[in-house]
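Input: a single structure, listed below in structure tokens.
The values are calculated or read from the model by the stated rules, or taken from the named source; none is laboratory data. The shown structure was predicted, so the numbers you read here are calculated from the model rather than taken from an experiment. No Cβ is skipped: glycine too gets one built from the backbone with ideal geometry, and neighbour counts run over all protein chains shown.
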């Protein structure tokens with residue numbers, strides 16, 4: 001009997017409720033519906049226990065608050081939202097160790113930005129003031145599945161093969177974006193104003209980032225292929241390593 005892979009999903013923080021970790025349940029449903037077993041990862045004490053990654057088969061980096069510019073050598077912009085150092089430190093360690101372990105990884109919104117920082121890249125700290133774009137990237141009043149703008153996907157990219165098209169319509173809830181690309185990352189999707197909407201790491205088994213929120217569409221399955229590819233890559237990794245999928 002095939003044991004489904006364990007997929008770690010990072011939890012975030014809500015400054016208005018400092019005693020709680022937060023995670024939208026649509027991330028969990030997206031993993032479940034594509035064959036993975038979700039495991040919620042809380043950044044307790046920013047510690048990264050050596051045993052953690054040995055018990056996971058894949059990883060989802062979720063959305064949330066801004067990444068502190070201290071981690072990419074920049075001064076904070078006035079529009080910066082409260083950064084949670086505990087989460088930043090935990091996830092940066094998590095990503096770097098996951099890349100060393102060749103753990104399949106899907107990075108979403110803030111997750112794409114953090115992946116870029118983990119690989120030595122920078123961020124545009126505030127699109128409205130620094131880019132002046134007319135594209136609506138950050139309207140928090142809109143429904144989660146409301147379409148904000150289109151995205152053009154690069155031919156020959158992993159993202160293009162997963163989506164099956166060179167242009168998609170997406171939701172959008174961010175005021176920051178990828179700046180200078182991190183080491184080895186390739187930009188594979190763009191908004192009409194040139195903002196990076198997708199990245200991948202060709203040297204890795206499976207490392208894909210998107211700036212929109214595909215998990216919000218779990219009921220209609222519009223972007224289920226992204227989560228399905230993560231789960232399949234996690235399964236393939238266990239086969240290649242000649243080990244059973246991880247378990248607690």
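Given the residues 130, 114, 106, which is the only one that is in contact with a strand residue (DSSP E or B) (Cβ under 8 Å, 6 or more places away or on another chain) and in contact (Cβ under 8 Å) with a residue 60 or more places away in the chain?
Just a single option satisfies the conditions, and that option is 106.
When you go through 132, 156, 111 one by one, which is the residue that is part of a loop (DSSP other than H, G, I, E, B) and at pLDDT 95 or above?
156
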Checklist outcome for this item: Those residues of the range 57-87 that are in a helix (DSSP H, G or I) and crowded, with 22+ Cβ neighbours inside 10 Å come to a total of 1
Checklist entry - Within the range 218-228, how many residues turn out to be surrounded by fewer than 20 Cβ atoms within 10 Å (Cβ to Cβ) and closer than 17 Å to residue 208 by Cβ? => result 4
Checklist entry - Does the range 29-48 contain any residue that is in contact with a strand residue (DSSP E or B) (Cβ under 9 Å, 6 or more places away or on another chain), modelled with pLDDT of 95 or more, over 29 Å from residue 203 (Cβ atoms) and in a helix (DSSP H, G or I)? => result yes
